[in-house]
Amino acid sequence: MNDSIGRKITYLRLSVTDLCNLRCRYCMPEKGVCPKSHDEILTEEEMVSAVRAAVGLGVTKVRITGGEPLVKKNILSLCERIASIDGVSDLALTTNGTLLPKMAEDLKSAGVNRVNISLDTLKPQKYTYITRRSSFEEAIDGITAALNAGFKKVKINTVLIGGFNDDEIPDFAKLTMASPIDLRFIELMPVYQSPDIGPEAYLPASKILEALPDLKEEPSDGVARLFSFEGAQGKIGIISPMTNDFCASCNRIRITADGKIKPCLHSPAEYSIKGLSEAEMKAQIIKAINEKPDRRGELNCLNPSNSGRYMNQIGG
Ligand code: SAM
Ligand code: SF4
């Protein structure tokens, strides 16, 4: 389905839980978020119906996210059911990777074909600082497990954080030489106003190109500008939602674990589907797409996002 300015909506990001086993400083507060009661969260049946309704309107790509999707008890059955919906041609999942050592193969068997693993540092002590948890080894083992499980694509998502990991850009980039891993650098967005994240943390993606002068640009049909090194096994993507927003070509909607359709990450507009029949959900999705904002407003550390939620309650 096209929205009011002709953007074709083909991509659904489904957040399956707000809960997470990490506490990344730029994403959510240390104490976590007040857990929602069972009846406030979409049931497995409702999540499957919502995806089916979206697919009936032209969605073909679904990404499962969270919170941390792998802490959800029924994640395998949910993935299996979503993967088998006629019309879902691509089922991807974004995870912090810490539970992949024991789950990668089962996720692959359940029909997930691509995983993005979030990792913001290659140094164990810095990992413990940024995530407030000591799971570095599990995350690294998770990347290995994903590569061994044979997913079509394994990507690492790295949020660029000034004064924290900008000195590691070359080390991250080298990962694409040694393994068939694609790397995505993402500009930090002011969604959660964390006391630990100051204005210096918001770096433009151009810093990456300055740090990696030997990169060659490649053709891209998505939101990332793509680059690679000569002889590399993986590509390097740069996603710059702050300095070069992609609102004009935005093809996505989001559904939160508590059953709110968010047609724009940075808008407070939400459309509830909790407790609705599949036909009623479809009507709400149509309304959300028709009313999808044309553009996000001004966004910088002084003008934070209007999303009204922490990032773990939206899914990125
Ligand atoms: N827990 C999973 C993970 O970390 O991959 C999935 C959910 S997490 C909210 C999805 C993505 O959003 C992660 O790659 C994370 O780094 C990113 N993210 C969280 N807060 C962000 C922010 N303020 N700006 C940019 N990306 C952010
Ligand atoms: Fe959890 Fe992902 Fe947010 Fe980190 S970025 S706290 S892993 S939801």
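Worth pointing out:
- Selected residue (only one of 13, 25 is in contact with an Asp or Glu (Cβ under 8 Å, 6 or more places away or on another chain) and within 11 Å of ligand 1 (Cβ to nearest atom)): 25
- Count of residues meeting criterion [farther than 15 Å from residue 152 by Cα and away from ligand 2 (no atom under 16 Å from the Cβ)] in the range 81-100: 7
- Residue in the range 196-213 that is within 16 Å of ligand 2 (Cβ to nearest atom) and either open to solvent by 50 Å² or more (accessible area, probe 1.4 Å) or among the small types (Gly, Ala, Ser) (or both) present: yes
- Hits in the range 84-102 (condition: crowded, with 17+ Cβ neighbours inside 10 Å and not in a loop (DSSP other than H, G, I, E, B)): 91, 92, 93, 94, 95, 100, 101
- Condition met for residue 301 (touching a Pro at 6+ places or on another chain (Cβ under 6 Å), within 16 Å of ligand 1 (Cβ to nearest atom) and at pLDDT 95 or above): no
- Residue tally, condition open to solvent by 50 Å² or more (accessible area, probe 1.4 Å) and either within 16 Å of ligand 2 (Cβ to nearest atom) or of a type in the set (A, V, I, L, M) (or both), over the range 22-61: 5
Let's see how each residue does on (1) in contact (Cβ under 8 Å) with a residue 24 or more places away in the chain; (2) in a helix (DSSP H, G or I); (3) buried (at least 19 other Cβ atoms within 10 Å of the Cβ):
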{"position": "117", "(1), (2), (3)": "yes, no, yes"}
{"position": "125", "(1), (2), (3)": "no, yes, no"}
{"position": "133", "(1), (2), (3)": "yes, no, no"}
{"position": "137", "(1), (2), (3)": "no, yes, no"}
{"position": "147", "(1), (2), (3)": "yes, yes, no"}
{"position": "170", "(1), (2), (3)": "yes, yes, no"}
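- Contact map, the range 266-289: first residue within 28 Å of residue 310 (Cβ to Cβ), second residue open to solvent by 60 Å² or more (accessible area, probe 1.4 Å) and modelled with pLDDT of 95 or more, Cβ cut-off under 7 Å, separation 6 or more or different chains; pairs are 269/291; 271/287.
Residue by residue, here is whether (1) touching a strand residue (DSSP E or B) at 6+ places or on another chain (Cβ under 6 Å); (2) more than 11 Å from ligand 1 (Cβ to nearest atom) holds:
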residue	(1), (2)
112	yes, yes
116	yes, no
123	no, yes
128	no, yes
137	no, yes
151	yes, yes
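- The residue that is nearest to ligand 2 (Cβ to nearest atom), among those in the range 228-242 that are touching a Ser or Thr at 6+ places or on another chain (Cβ under 9 Å) and either open to solvent by 40 Å² or more (accessible area, probe 1.4 Å) or closer than 17 Å to residue 179 by Cα (or both), is 237.
The values are calculated or read from the model by the stated rules, or taken from the named source; none is laboratory data. Everything numeric here is computed off the predicted structure, so don't read it as measured data. In this analysis, Cβ positions are derived from the backbone assuming ideal geometry, glycine residues included, and neighbour counts consider all displayed protein chains. The protein model used for the area step is the full one, side chains on, heavy atoms only, and it has no ligands, DNA or RNA in it. Shrake-Rupley method; radii C 1.70, N 1.55, O 1.52, S 1.80 Å.
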